[in-house]
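Below is one structure, written out as structure tokens; the observations come after it.
The values are calculated or read from the model by the stated rules, or taken from the named source; none is laboratory data. Computed from a predicted structure; not experimentally measured. Using ideal geometry, Cβ is built from the backbone for each residue, glycine included, and neighbour counts are taken over all protein chains shown.
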Amino acid sequence: MFQTFQPLAAIATTPNAVHTLHPLCQQTGATLWVPASLSHLPHTQAYSGSLKDHLQTLWNDHQGLICCLATGAVVRLIAPLLTDKSQDPAVVVLDEPGQFVLSLCSGHLGRADQLTQLLAQQIGATPILTGASNAANLPSIDTLGIPFGWQRGAGDWNAIAGAIARGETVTVHQAAGSELWQAHLPPSHTYQFVSDTEAPQIWISPKVLSPKQSSVQWHPRVLWVGMGCERGTSRQLMEQALRQVCEQHQLAWEAIAGVATLDLKADEVGLVDLCQQANWPLKCYSPEDLKAVAVPTPSDVVKAEVGTPSVAEAAALKAAQQFTLLATKQIFKDPAQPGAVTIAIAQAEQEYTGRRGQLLLVGTGPGDLDQMTPASKTAITQADVVIGYTLYVDLVRSQFRPGQIIEPSPITQERQRAQRAIDLAQWGLTVAVISSGDAGIYGMAGLVMEALQQNGWDGQTPVVQIFPGISALQAAASQVGTPLMHDFCAISLSDLLTPWSVIEKRLEAAAAADFVMALYNPRSQKRIEHLLKAQQICLQHRDPQTPVAVVRSVYRPDQTTHLGTLSELDTLPVDMLSTVIIGNATTRFHQDWMITPRGYFPPSNPST
Ligand code: SAH
């Protein structure tokens, strides 16, 4: 969860602060720095000299500093180190008891706000975020495009952020890139979406707005540069030529997604260098692939040489999935530099995020947020997108942060939900798919994994992480006693995906083997006979007096519990929000508690 914040450093100057920070350092991987006087404490690393000097050494090569000392002291210590909000690390302050976590500086670009929220969740503290956009539940203007891999261009970011904070109307012209962010703004937002390209305050486009307007510019990475070159062409010539083409067409350098070329050029030194330096992917296509692309400027000479009539235009278009060619090919030479390069630029419909997508498959527990693990909460807060059944999305709403894309969907649309999550993650977003209880027990995690397998997933991209949750059977059991204290099984009575004959066979086997049973999906409005059949099967193997429990909506405000015997099961109120627990041969009631003995107190033998 904290990988994107590495390297992280934590600072404590008292034993209590060490005590508070230690678990956080374990969870986040932060180094816990202490003065020499505390070097005897385990899991710490001592700095020599003053904290002021030490902070100076940490400042430039750390993404985040977690300080457990007085805010005033932190302010004084970091004051001489502050340079610019695009460079300074995230600085977060905790109080010694760990009740509050404060985002002190670099809240947006340094992601201190996000780090603060995640840390607060880990220890159940209150996050303190004082930024204006946070209060308005708006994504901050200078981080808006980060999930989609957009690059920030020129602009007076403070002026626009100030206007938004004052609640003034801000005009937005978006010519490219995902509009998902627009769809997930709070109703109170003051953005006005305009088609007027003359004077918008927020400009989202691969093109550069002329500098006279006061605006901020985000550049979605939609430009694919097609390049062909002679062997040995210098990187400088390539870069110079590309800058020239961008300038001619008012295209932003930041909007470049990557470079595409012929497979023969995969090891062309200048090209490889250029891509490495700019952190661009280099896509290489075979002559057959390129031949199939219709281009405005084919060449017989090129065809005779490499087997395709176009390299630059065809490769650019192919990489951009044939969306649109913005700059037809131009050839560049420079007598002072070796080689020659041909450049064309195409625009893709969807931006390249440059990110490795993640699927976080999150179990949210049975209902109440208290029953959800801190890791699951953190996963939800961290995600760019949260996808889930509407009811469960509403249950975890308090974990959301401004700017997240929240996609609730009806209960019947599990498959669409899974595919949507996979598509977004394949594109590069971090997507949390939430599921009640445990996501891997009759939950969305299983469906997503099956769908990934169907999609030919390589097991690595997108990255998958599964966050366990308290399943209905554990939650239900906790409300009635310790019915699961001996071997037990879960059986779903839903025959939507499993033939009834299979369910019946498992009920039969579990009943015969004297497993305690937790029945999921026990009875829907249409399907009432399955529970009766389950009851009959159990009665063939178990005493009619065997204790049963029906727990409905456990850990939700309308929770109900009914205890009874196996012979009464058909008279108890059971629906799809209930879990049924059927005891084994030794399960008994004591007062209103259901107890399955483990065997600590064997029954005394009546014959002795
Ligand atoms: N992934 C979930 C199970 C989903 S299947 C989990 O691990 O708990 C749906 C079934 O789970 C429901 O029909 C019901 O039998 C059970 N269930 C889910 N939440 C419940 C709750 N809060 N109270 C009682 N039963 C619940």
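Here is the figure for the stretch 576-594: residues that are charged (D, E, K, R) and part of a loop (DSSP other than H, G, I, E, B) total 1. For first residues located in the stretch 456-479 and in contact (Cβ under 8 Å) with a residue 24 or more places away in the chain and under 17 Å from Ile441 (Cβ atoms), partners that are in a helix (DSSP H, G or I) and away from the ligand (no atom under 11 Å from the Cβ) and lie 6+ apart or on another chain with Cβ distances below 7 Å form the pairs Phe467/Ala375; Phe467/Ser376; Phe467/Ala379; Gly469/Ser376. Might you let me know whether the stretch 518-530 holds any residue that is in a helix (DSSP H, G or I), within 30 Å of Leu395 (Cα to Cα) and under 37 Å from the mean Cα position of the chain (by Cα)? Scanning the stretch 518-530 turns up no residue that is in a helix (DSSP H, G or I), within 30 Å of Leu395 (Cα to Cα) and under 37 Å from the mean Cα position of the chain (by Cα). If you filter the stretch 329-371 down to residues that are within 40 Å of the chain's Cα centre (by Cα) and of a type in the set (Asp, Glu), you find that the one that is surrounded by the fewest Cβ atoms within 10 Å (Cβ to Cβ) is Asp370. Residues of the stretch 324-370 that are farther than 26 Å from Glu268 by Cβ and either within 16 Å of the ligand (Cβ to nearest atom) or without any contact (Cβ under 8 Å) to a residue 12 or more places away in the chain (or both): Leu360, Leu361, Val362, Gly363, Thr364, Gly365, Pro366, Gly367, Asp368, Leu369, Asp370.
Name, by its number, the condition in (1) within 28 Å of His590 (Cα to Cα); (2) out of contact with any strand residue (DSSP E or B) (no Cβ under 8 Å at 6 or more places or on another chain); (3) surrounded by fewer than 18 Cβ atoms within 10 Å (Cβ to Cβ) that does not hold for Gln474. That leaves (3) as the condition not met. Right, Pro483: buried (at least 22 other Cβ atoms within 10 Å of the Cβ) and either more than 13 Å from the ligand (Cβ to nearest atom) or at pLDDT 95 or above (or both) or not? Answer is yes for this residue.
Only one of Pro573, Pro557 is at pLDDT below 95, part of a loop (DSSP other than H, G, I, E, B) and more than 10 Å from the ligand (Cβ to nearest atom); which?
The unique qualifying residue is Pro557.
Could you tell me whether any residue of the stretch 531-551 is more than 10 Å from the ligand (Cβ to nearest atom), assigned to a helix (DSSP H, G or I), under 41 Å from the mean Cα position of the chain (by Cα) and at pLDDT 95 or above?
The answer is yes; a qualifying residue exists.
Candidates Leu473, Leu497: the one that is under 13 Å from Val580 (Cβ atoms) and within 16 Å of the ligand (Cβ to nearest atom) is Leu473. Considering the stretch 395-419, and only residues there that are free of Cβ contacts under 8 Å to residues at least 24 places away in the same chain and within 14 Å of the ligand (Cβ to nearest atom), the residue that is farthest from the chain's Cα centre (by Cα) turns out to be Thr412.
On the stretch given as the stretch 135-185, residues that are surrounded by 21 or more Cβ atoms within 10 Å (Cβ to Cβ) and of a type in the set (S, T, N, Q) total 2. For the stretch 595-607, state whether one or more residues are modelled with pLDDT of 95 or more and within 16 Å of the ligand (Cβ to nearest atom). Within the stretch 595-607, not a single residue is modelled with pLDDT of 95 or more and within 16 Å of the ligand (Cβ to nearest atom).
Remark: pairs (first residue in the stretch 556-571, of a type in the set (Asp, Glu); second residue in a helix (DSSP H, G or I) and surrounded by fewer than 16 Cβ atoms within 10 Å (Cβ to Cβ); Cβ separation under 7 Å; 6+ apart in sequence or on different chains) = Asp570/Leu532.
State whether the residues of the stretch 587-594 include one that is surrounded by fewer than 14 Cβ atoms within 10 Å (Cβ to Cβ), among the charged types (D, E, K, R) and over 26 Å from Ile411 (Cα atoms). Looking for residues that are surrounded by fewer than 14 Cβ atoms within 10 Å (Cβ to Cβ), among the charged types (D, E, K, R) and over 26 Å from Ile411 (Cα atoms), one finds at least one in the stretch 587-594, hence yes. Does the stretch 230-241 contain at least one residue that is farther than 23 Å from Gln350 by Cα, polar (S, T, N, Q) and not assigned by TED's automatic domain parsing to the domain that holds Gln321? No, the stretch 230-241 has no match at all.
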